[in-house]
Amino acid sequence: MRKYFLCYTMKIVFLFFYMIQEQYIQGKGIVRIGFLFSFILLALFIVFGQTHFVYAAAQAATDDSATTFFTAIGRTNNLTIGSVHYSVVVDTANYSRVTITLAGGTHTFKYTLYRGVEKDIDLNGDGSNDVQMFYDGFYNGGPKLDFVDLLAKQATTTTTTTIIKTTASNCSLTVGKVYKSANSSAVYYVDVAHNSDGTINTKIACAKRPFDNSHVFFTYFSSWNDVQKVSADLLDSVSNDVLGFMPWGPKYTPGNGSLVKAVSNPHVYVLLGNKKYWISSGAVLNALHYSFHWIEDVSPELLGQYTTGTAMSNMTYHPNGTLIKYAGSPKVYVLAPASTTTIQTTTTDSYGRQVKKYISNSDVLISRNDRADRIITVSSSEEYTDGGDVGVLKKDDIHAKDIKVEKEKEPVKEKEKESVKASVFKFVKQLSVGDSGKVVTNLQNKLTRLGIYSGPVTGYFGKETKKAVDDLQKDHGLERVGVVGPQTRKILNDN
């Protein structure tokens with residue numbers, strides 16, 4: 001901005017002196033002074049006023065992957081990123097920001113760019129950024145846009161991670177560590193700094209973010225002993241990150257059917273097995289009956305633990321591993337690839353030959369790490385061939401939410417045995433949101449018996465279970481942290 005101001009100021013002053021000495025000033029001495037000033041200002045203009053042109057030329061000469069458009073509102077510009085061709089259309093533009101539509105292949109994106117702020121985007125949903133976009137303002141009445149093909153740039157330059165580590169080396173604390181001051185209970189994670197849109201701010205060495213609750217903390221660290229105590233002045237020397245919160249960390253287990261997004265990437269994925277499936281648009285998300293309220297923020301490290309599956313652009317069918325049920329029916333199915341011996345199957349362009357397999361009890365959900373609160377209710381038009389059952393019904397079946405299993409009534413004595421068995425169970429493990437298995441089933445049974453929990457017994461530690469643990473801790477004068485720690489375990493084991 002300062003370069004442009006200097007440039008145009010020089011031009012105006014030069015013109016002013018030229019007019020004075022040519023038309024309004026009489027006298028040879030003053031004329032000579034006017035010429036001298038004009039000459040000096042012209043020299044300054046040549047040196048400084050053209051700086052931004054020289055800078056742009058230098059940038060272009062050192063970055064062969066950059067594409068620049070001097071365009072206009074409504075004009076279509078052609079852009080190639082990797083091997084994919086895109087069209088770029090400016091929808092709206094003013095001095096400070098521009099809105100563009102980027103279309104290529106089967107996908108269409110809309111972005112708002114702010115003048116002078118770089119924006120890195122993942123276009124193909126593989127978790128890596130493909131293009132860097134930059135709005136440089138108005139030139140000759142139209143917006144100037146810069147695009148850098150990051151795929152091509154990575155072949156000849158260092159990776160983004162290397163750049164980040166170099167920048168962060170000047171931080172007064174260690175990136176990736178957790179700190180607190182002696183006179184405060186607040187715990188902070190020191191990380192790279194971010195911009196408001198989640199992209200990395202390389203101009204700041206590092207920044208800190210608070211852990212709002214212990215559940216998130218334990219998805220990064222194993223113990224409170226990992227927290228390092230420093231002086232308040234040293235902690236205050238690290239600025240607060242603009243994001244202001246910590247997403248779920250790499251130790252978090254979201255469960256099959258979870259919808260997640262990384263803070264540095266606008267793409268939403270559904271997690272199934274060891275794969276992440278990019279939901280290519282909001283229209284697809286709505287058409288497949290997912291809910292925006294299901295989306296959880298996770299760390300890029302957690303998202304990187306999953307391999308990339310097929311992008312979800314089909315608005316009719318779901319990928320394999322999805323839990324579904326039909327309106328008006330309590331039965332829950334899981335979608336699976338059809339075996340080669342299956343004669344009649346449902347075939348989709350996106351996911352191949354599929355069948356639906358009946359889930360008879362919640363033990364199957366727990367063993368598969370499925371989330372009972374992420375069952376999709378589909379329309380009758382989404383038909384799949386029956387592929388048999390998954391798992392075998394057990395006598396001590398624990399019903400998951402929305403799953404109704406018909407079974408014979410057990411004798412009263414058997415129920416009493418189960419109640420006694422639950423009451424003598426000893427809790428020895430720390431439990432928090434995201435945990436699952438028999439120990440969580442026992443926790444939910446215990447809380448139900450204590451009259452604190454009234455939700456479904458699913459074997460999954462979710463929001464309802466956390467609320468019950470909070471209430472138990474409040475009733476016994478403990479801090480409401482929602483984690484089953486040593487003091488909470490003692491209460492459970494003594495009652």
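What to note about this one:
- Cut-off under 5 Å, modelled amide H: who pairs with residue 296 long-range: 259, 260, 261
- Spatially, segment 350-391 and segment 217-233 are offset by 41 Å when compared through their Cα centroids.
- Highest to lowest packing among 86-98, 376-388, 185-197, scored as the average C-beta count within 10 Å: 185-197, 86-98, 376-388
- Taking all C-alpha pairs of segment 160-236, those more than 15 Å from each other amount to 56 percent.
- Kirkwood-type hydrodynamic radius, segment 63-153: 13.1 Å, calculated from all non-identical alpha-carbon pairs.
- Cα-Cα over 31 Å, subset of 356/467; 356/446; 357/463; 275/356: 356/467; 356/446
- Near-label residues of segment 215-245 by backbone N, under 16 Å of a point 7 Å along Cα→Cβ of residue 184: 227-245
- Label point distance in nm, residue 307-residue 478, each placed 7 Å from Cα along Cα→Cβ: 4.2 nm
- Label-zone membership for segment 114-138, site residue 203, 7 angstrom Cα→C-beta point, backbone N under 20 Å: 114-121, 132-138
- Here the spin labels are modelled as points 7 Å beyond Cα on the Cα-Cβ line, and at residue 222 and residue 99 they lie 5.1 nm apart.
- Each other residue within a Cβ distance under 12 Å of residue 228 adds +1 if Lys or Arg and -1 if Asp or Glu, for a net charge of +2.
- Part-to-part distance (alpha-carbon centres) for segment 319-333 and segment 275-294, which is given in Å: 16 Å
- Each residue of segment 371-384 was assigned a 3J(HN,Hα) from its phi angle through the Karplus curve 6.51 cos²θ - 1.76 cosθ + 1.60 (θ = phi - 60°); the sequence is 9, 5, 8, 10, 7, 8, 8, 9, 7, 5, 6, 8, 9, 9 Hz, with glycine and proline shown as x.
- Calculated FRET value between residue 172 and residue 495, using beta carbons and R₀ = 45 Å, to 0.05: 0.40
- Net lengthening on full extension, residue 237/residue 112 (0.36 nm per residue, minus Cα-Cα): 41.8 nm
None of the figures in this text is laboratory data; all of them are computed from the coordinates on show. Treat the numbers as computed from the prediction; the structure is a model and nothing was measured. FYI the Cβ positions are ideal-geometry reconstructions off the backbone, even for glycines, and counts take in every protein chain you see.
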